[in-house]
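Notes to accompany the following structure.
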Amino acid sequence: MHKFLITGANFDNKGAQSMLYITVDEIKKRFPDAQAYYAGCDKLDDNKFCFREMFYSASSKDIALGGSKGLLASVKAFLKNCAKTVLRKGSNRWREFDLKREIKSFTAIIDVSGFNLGEKWNAQIQESFLNNIRLAKKYSIPIYLMPQSFGPFNYSDDKKYLLDEMRELLPYPKVIFAREKEGKQLLEETFGLKNVVLSTDLVLQNSGIDCENVFYNVPELHLPVISDDNNVAIIPNKQCFNFGDNETILKLYKQIINKLLSAGKNVYLFRHSFEDLEFCYMIKEIFADNDNVVVLDNDFSCLEYDAFVRQFDFIVCSRFHGIVHAYRNGVPCIALGWAVKYKELAENVSQGQFVLNIADDTVNTKHLDEMVSYMIENYKSESEIIKEKVAEIQKSNCFSVLEELK
């Protein structure tokens, strides 16, 4: 029986959740009897999902990798679990050792990380990502890096050692799907790789999942009731506030919302990732007395988000997969991003003219105003353009590479 380990997903970010569900579905469509395992620490309900969880903490990876670091992690885990046993505290004890015991039984590892290698991230995040490849290499397991972003790699001196680690590890994956031309070029030029393939995002490639491949009982979708028409959604991203000036960014949102309100639009603020809700309320505070600017505190599943986003004329979004789900449903988007991945995503569906780097202090506010005005008047025609482009994209599927495992 085939067993697949899916790394890089999580349930906090709706994009990562969506990639997990799609990956499970794509595996089941190709290998109906396969077992799919989610690499995480969420204590999944086995009665809810058709896939299983493999406990995948930093210590469990260290234990499975062995060496002095693995020995230290083993000792710490042993002592901790002995204490829990004596005190009769906690559940699922000893699971830090599950990965080492089970790793050899996996047919392949499929990594769906969105963006973990590049100068913007700290060394711990990047080492954790590279450990996925280390595990695959140590146990001679094929690993596939599904569409994701890479680079830039202009590291400070204290992180340049990562380049040597990447030179050693990145040739090992069967294929590295790069979502952007820039990422593909950087990987090939920096590391001399021959296993890099340019591919659009896997969620955009997906035309829909069979929920029965993911859930034992398909959940009902709970969607807020909103106005019948003239609705625009605004979905912020904590990362934009991290990489840009907060005051400047809030002024841009104020400009956008004022333009929307003057056109008679209803504005709904909601999150795509758990940490973004506070920024929805920060923006709402500017319009505290205006009932046409509404914050929704729903913690949507990726399936609910996908269904809900269809109800809007267009969206103003800073979450990558928030934009992907909009495009997949033919919903236009003004993308306020912080990395090149937003521009190339939009260009895939002929929407590159509607992208701004919100983390840039020199954002052209006049251009932003024109962009919003154009979208208010032309969102229907832009929707048709997007639908046509998405239909072309969905003629290919990155998961076809798994056919070689049959």
Please identify the pairs in which a residue from the range 310-336 that is over 25 Å from Thr365 (Cβ atoms) has its Cβ atom under 7 Å from the Cβ atom of a residue that is assigned to a loop (DSSP other than H, G, I, E, B) and open to solvent by 10 Å² or more (accessible area, probe 1.4 Å), counting only partners at least 6 apart or on another chain. Arg310/Asn329; Gln311/Ile226
For the range 117-146, give me each residue that is open to solvent by less than 40 Å² (accessible area, probe 1.4 Å) and either in contact with a His (Cβ under 9 Å, 6 or more places away or on another chain) or not in a helix (DSSP H, G or I) (or both). Leu117, Gly118, Trp121, Ile141, Pro142, Ile143, Tyr144, Leu145, Met146
Specify which of the listed residues (Val196, Val232) is touching a residue at least 40 places away in the same chain (Cβ under 8 Å) and touching a strand residue (DSSP E or B) at 6+ places or on another chain (Cβ under 6 Å). Val232
Can you name every residue in the range 178-211 that is of a type in the set (D, E, K, R) and either in contact with a helix residue (DSSP H, G or I) (Cβ under 9 Å, 6 or more places away or on another chain) or modelled with pLDDT under 95 (or both)? Arg179, Glu180, Lys181, Glu182, Lys194, Asp201, Asp210
Condition check: among the aliphatic types (A, V, I, L, M), closer than 24 Å to Asn131 by Cα and either modelled with pLDDT of 95 or more or surrounded by 13 or more Cβ atoms within 10 Å (Cβ to Cβ) (or both). Does Ala16 satisfy that? yes
Among the numbered criteria (1) part of a helix (DSSP H, G or I); (2) without any contact (Cβ under 8 Å) to a residue 24 or more places away in the chain, which single criterion is violated by Phe241? (2)
One residue is enough: does the range 345-352 have a residue meeting the conditions in contact (Cβ under 8 Å) with a residue 24 or more places away in the chain and not in a loop (DSSP other than H, G, I, E, B)? yes
Picked from the range 263-288 (must be under 23 Å from Ile376 (Cα atoms) and part of a helix (DSSP H, G or I)), the residue most open to solvent (accessible area, probe 1.4 Å) is Ile286
Subset of the range 309-338 [touching a Lys or Arg at 6+ places or on another chain (Cβ under 7 Å) and open to solvent by 10 Å² or more (accessible area, probe 1.4 Å)]: Phe320, His321, Asn329
Kindly evaluate Asn348 against the criterion of being closer than 30 Å to Val214 by Cβ and either crowded, with 17+ Cβ neighbours inside 10 Å or in contact with a His (Cβ under 9 Å, 6 or more places away or on another chain) (or both). yes
Of everything in the range 231-262, what is surrounded by fewer than 15 Cβ atoms within 10 Å (Cβ to Cβ) and over 17 Å from Lys366 (Cα atoms)? Give them in sequence order. Asn242, Asp245, Asn246, Glu247
Is at least one residue of the range 231-246 more than 21 Å from the chain's Cα centre (by Cα), closer than 30 Å to Phe279 by Cα and not polar (S, T, N, Q)? yes
Residue under evaluation Ser396, criteria (1) over 30 Å from Phe49 (Cα atoms); (2) of a type outside the set (D, E, K, R); (3) surrounded by fewer than 19 Cβ atoms within 10 Å (Cβ to Cβ), criterion not met: (1)
Which of the residues spanning the range 1-11 are touching a residue at least 60 places away in the same chain (Cβ under 8 Å) and either open to solvent by 30 Å² or more (accessible area, probe 1.4 Å) or within 11 Å of Phe300 (Cα to Cα) (or both)? His2, Gly8
Out of Ser74, Ser68, which single residue is surrounded by 15 or more Cβ atoms within 10 Å (Cβ to Cβ) and of a type outside the set (A, V, I, L, M)? Ser74
Looking at Ser318, Ser350, which is the one that is within 22 Å of Tyr281 (Cβ to Cβ) and touching an Asp or Glu at 6+ places or on another chain (Cβ under 9 Å)? Ser318
Cβ-Cβ under 7 Å pairs, at least 6 apart or on other chains, the range 12-38 side touching a residue at least 24 places away in the same chain (Cβ under 8 Å), far side charged (D, E, K, R) and part of a helix (DSSP H, G or I): Arg30/Glu403; Ala34/Lys28
For the range 147-223, which fully contained helices (runs of 4 or more DSSP H) count at least 2 residues that are over 22 Å from the mean Cα position of the chain (by Cα)? 161-169, 181-191
Looking for something in contact (Cβ under 8 Å) with a residue 60 or more places away in the chain and more than 28 Å from Asn10 (Cβ to Cβ) - is there at least one such residue anywhere in the range 274-290? no
Whichever residue in the range 169-184 is surrounded by fewer than 20 Cβ atoms within 10 Å (Cβ to Cβ) and in contact with a Gly (Cβ under 9 Å, 6 or more places away or on another chain) and, among such residues, is nearest to Ala346 (Cα to Cα): Glu182
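The values are calculated or read from the model by the stated rules, or taken from the named source; none is laboratory data. Here the structure is a predicted model, which means the values were calculated and not measured. Positions of Cβ are backbone-derived with ideal geometry, glycine not excepted, and every protein chain shown enters the neighbour counts. SASA here: full protein model, heavy atoms, side chains in, ligands and nucleic acids out. Shrake-Rupley method; radii C 1.70, N 1.55, O 1.52, S 1.80 Å.
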